[in-house]
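One structure below.
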Amino acid sequence: MFSFLVPDRRCHADPMFWITVFFAGLVLLVAIIFFSYLIFESMPIWEQGVWAFLTSVEWEPAEDIYGAGAMIYGSFIVTTLALLFALPFALCGAVTASEFLSPRTRLVFKGAMEIMAGAPGVVYGLLGAALLSLWIKDFFGLIDGATLFTAGILLGIMILPTIMTLAEDAIHSVPGEYRDTALSLGLTPLQAFLKAVAPRALPGVIGAVLLGLGRALGETIAVMLVIGGLDIVPSGFDLFSPGQNIPSKLGREAAEAIGSGLHWNALLALGAVLFFGTMLLTGAGSWLLRRNKV
Amino acid sequence: MKKSEENLEFINVEITYNGKPVLRDLSYNFCKSAVTCILGPSGSGKTTLLRSLSRLNDRIRGFKVRGEVWVAGEEIYFNGVDVYHLRRKVGMIFQSPCIFPASVYENVIFGFKYHHPERKKEYPKIAERYLKEAYLWDEVKDRLHKPAQNLSQGQQQRLSIARTLAVEPEVLLMDEPTASLDPVSSDAIEKLIFSLKEKRTILLATHNIAQARRIADDIIFLYDGSIWEKGKASDFFERPVKEETRIFLEGGGSSPT
């Protein structure tokens, strides 16, 4: 019955073996329960129509009408903005660190990036609310600085170090022979990077970007503090309007909705959508990163 | 001091890495259109010697070259030398073939394309010419546009030689080019080296004594960072002067072959 375990029988006699297997199994079990709960509890919403829930922009707990359109739109816009903002900085930084910094400076730079990547979201959120949203308000002459645009930029700043340091790893792990070969053919270091190293590093760099996006998609508190919190799809792609994304919606309403019937089911349905999205992004990201290492 | 266009020479060169000498008292004038084998056990400085001739160690910190290194009438560690121009004249082949993730065709013309973006029409001809010169054409002519990674190791090494030849170097530096190959492929590369030396000066680092016997015209025996013995290949193998050389030759170098 335990055919999925190591076939070595001597191993099975050791109690330590069974303890490890037990805890590993427990983790697996929790993951399964977690996912099933999300699906089961949101079932009442899915039964009303998957497409209707995903596209409708009406969210009225008082009348038990739930549509995720505004939140999905908000998540999409905010993540896209974050990506557009972070990508140029992250990629240029990664290339510079890997190809043009001395080993010691590179480590200092990477260390700084990793500290930034590990900083808690709420700290970014506080800075965003205190500084960024004010700057954006003044710069664009808005009434309020809490907008989709603000959230996008803040998220961009947040995921920048993650993408930069992972992309740098991918670039740096391309064997030195590729650089040497290109250099020995008379290319400049920059051209050697572009023509010989970059094509090899590309899958890993894309993986880094996807992992960063996964983080952006799930970030809650920082976004809640600067997005404005209105469940609308602004007309004409207005980025300077307040909005809502899935995590900020969940963060705002979870406490009041726990155990309250359809409202709770709707929030869990939102959670399932988000979970599915981040799972796809991080899954694809780690797959590409792993493939790059081989 | 001006040297002739074909000169390839070390004069009192010392190469240090973080202050520690890797090579010292290096003085040697390489023979034109000949194969000079740089023999020596691992760690004797063979690779460093080769790389110093195309300034490939420039980016490594703590790496210093003192003395004069002359390539094609130019002192290459002199300020203001165009490194990129130098590297076109001095091609390098590495121990394991480094093939770019692209087609065979793209790999051959990689360097040529970079240096001559305007001569686009000649690319197919160039590819054919240098693949032929590397004795690879017949094996790959039907799959020029297939990924080069599918070639065997030996074919990949000949492909990287073709790619380097396409940049038209006068000097070829080869750093144990057959070390990662099977005997049949090694044999093909040795034949290729033989045909290449007519027009080019070839420096071949190896610890394979049998290989050096087969293809060397001249020998430099590097030991512990300096030239221990040098001379015509025949003299070197028949009448080694120093005790260390004799031990190295009798022990078969550090190579099992």
- Filter the stretch B:201-237 for residues that are assigned to a loop (DSSP other than H, G, I, E, B) and surrounded by fewer than 19 Cβ atoms within 10 Å (Cβ to Cβ) and give the result. B:D217, B:D224
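Just the residues that are among the hydrophobic types (A, V, I, L, M, F, W, C), within 19 Å of B:E9 (Cα to Cα), free of Cβ contacts under 8 Å to residues at least 60 places away in the same chain and outside any loop (DSSP other than H, G, I, E, B), please, taken from the stretch B:42-72. Walk me through it before giving the result.
Within the stretch B:42-72, the subset among the hydrophobic types (A, V, I, L, M, F, W, C) is B:49-50, B:53, B:56, B:60, B:63, B:65, B:69-72.
Those left that are additionally within 19 Å of B:E9 (Cα to Cα): B:49-50, B:53, B:56, B:65, B:69-72.
If we keep only those that are free of Cβ contacts under 8 Å to residues at least 60 places away in the same chain too, we end up with B:56, B:65.
Of everything in the stretch B:42-72, just one residue is among the hydrophobic types (A, V, I, L, M, F, W, C), within 19 Å of B:E9 (Cα to Cα), free of Cβ contacts under 8 Å to residues at least 60 places away in the same chain and outside any loop (DSSP other than H, G, I, E, B), namely B:V65.
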- Query: Considering only residues of the stretch B:137-190 that are buried (at least 22 other Cβ atoms within 10 Å of the Cβ), part of a helix (DSSP H, G or I) and among the small types (G, A, S), which is nearest to the other protein chains (Cβ to nearest Cβ)?
  - Reply: B:S160
- Query: In the list B:V83, B:V90, B:V71, which residue meets the criterion of being closer than 27 Å to A:R104 by Cβ and at pLDDT 85 or above?
  - Reply: B:V83
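Determine, yes or no, whether A:L213 is among the hydrophobic types (A, V, I, L, M, F, W, C) and within 14 Å of chain B (Cβ to nearest Cβ). Give the derivation first.
Details: among the hydrophobic types (A, V, I, L, M, F, W, C): yes; within 14 Å of chain B (Cβ to nearest Cβ): no.
Against the criterion (among the hydrophobic types (A, V, I, L, M, F, W, C) and within 14 Å of chain B (Cβ to nearest Cβ)), A:L213 does not qualify.
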- Note on the structure: Of the residues in the stretch B:115-132, those that are over 19 Å from A:G186 (Cβ atoms) and either loosely packed, with under 14 Cβ neighbours inside 10 Å or at pLDDT below 90 (or both) come to B:K121, B:P124, B:K125, B:K132
- Item | Qualifying residue in the stretch B:82-98 (condition: within 30 Å of B:D58 (Cβ to Cβ), surrounded by 17 or more Cβ atoms within 10 Å (Cβ to Cβ) and more than 12 Å from chain A (Cβ to nearest Cβ)) | no
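Being within 14 Å of chain B (Cβ to nearest Cβ), under 29 Å from B:A166 (Cβ atoms) and surrounded by fewer than 24 Cβ atoms within 10 Å (Cβ to Cβ) narrows it down to one residue among A:A192, A:A201; which is it? Give the derivation first.
Values: A:A201 fails: surrounded by fewer than 24 Cβ atoms within 10 Å (Cβ to Cβ).
Just one listed residue meets the conditions, A:A192.
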- Within the stretch A:242-253, of all residues that are surrounded by fewer than 19 Cβ atoms within 10 Å (Cβ to Cβ) and touching a Gly at 6+ places or on another chain (Cβ under 9 Å), the one nearest to A:E47 (Cα to Cα) is A:L250
- Check A:G259, A:G277, A:G207 and return the single one that is touching a residue at least 40 places away in the same chain (Cβ under 8 Å), assigned by TED's automatic domain parsing to the domain that holds A:A119, surrounded by fewer than 20 Cβ atoms within 10 Å (Cβ to Cβ) and not charged (D, E, K, R). A:G277
- Quick check: anything in the stretch A:267-274 modelled with pLDDT of 90 or more, within 28 Å of A:L127 (Cβ to Cβ) and touching a Gly at 6+ places or on another chain (Cβ under 9 Å)? yes
- Query: Scanning for something closer than 30 Å to B:M92 by Cβ and either more than 14 Å from every other protein chain (Cβ to nearest Cβ) or in a loop (DSSP other than H, G, I, E, B) (or both), does the stretch A:219-228 turn up at least one residue?
  - Reply: no
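So that you can scan it fast, the table gives a plain yes or no per residue for (1) surrounded by fewer than 23 Cβ atoms within 10 Å (Cβ to Cβ); (2) more than 13 Å from chain A (Cβ to nearest Cβ):
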site: B:P41; (1), (2): yes, yes
site: B:S44; (1), (2): no, yes
site: B:R59; (1), (2): yes, no
site: B:S103; (1), (2): yes, no
- Message: Can you tell me which of (1) crowded, with 23+ Cβ neighbours inside 10 Å; (2) touching a residue at least 60 places away in the same chain (Cβ under 8 Å); (3) within 14 Å of another protein chain (Cβ to nearest Cβ) is the one A:L185 doesn't meet?
- Response: (2)
- So the strands (runs of 3 or more DSSP E) completely within the stretch B:1-40 holding 2 or more residues that are at pLDDT below 90 are B:8-17, B:20-29
- Query: Do you know which of the residues in the stretch A:153-181 that are away from chain B (no Cβ under 14 Å) and charged (D, E, K, R) is surrounded by the fewest Cβ atoms within 10 Å (Cβ to Cβ)?
  - Reply: A:D169
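Within the stretch A:185-199, is there a residue that is part of a loop (DSSP other than H, G, I, E, B) and in contact with a His (Cβ under 7 Å, 6 or more places away or on another chain)? Walk me through it before giving the result.
First, pick out the residues of the stretch A:185-199 that are part of a loop (DSSP other than H, G, I, E, B): A:185-188.
Retained after the next criterion (residues that are in contact with a His (Cβ under 7 Å, 6 or more places away or on another chain)): A:186.
There is at least one residue in the stretch A:185-199 that is part of a loop (DSSP other than H, G, I, E, B) and in contact with a His (Cβ under 7 Å, 6 or more places away or on another chain).
Name the residue that is farthest from the other protein chains (Cβ to nearest Cβ), counting only residues in the stretch A:94-121 that are closer than 17 Å to A:I153 by Cβ and touching a residue at least 40 places away in the same chain (Cβ under 8 Å).
Kept after step one, since they are closer than 17 Å to A:I153 by Cβ, are these residues of the stretch A:94-121: A:116, A:119, A:121.
This time we only want the ones that are touching a residue at least 40 places away in the same chain (Cβ under 8 Å), so: A:116, A:121.
On the way: A:M116: 27, A:G121: 38 Å.
Only one residue tops the list, namely A:G121.
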- Item | Residues of the stretch B:109-136 satisfying the condition of being within 14 Å of another protein chain (Cβ to nearest Cβ) and part of a helix (DSSP H, G or I) | B:I109, B:F110, B:G111, B:F112, B:K113, B:Y114, B:H115, B:I126, B:Y130
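The values are calculated or read from the model by the stated rules, or taken from the named source; none is laboratory data. Here the structure is a predicted model, which means the values were calculated and not measured. Because the Cβ atoms are built from the backbone with ideal geometry, glycine has one as well, and the counts that use them run over all protein chains shown.
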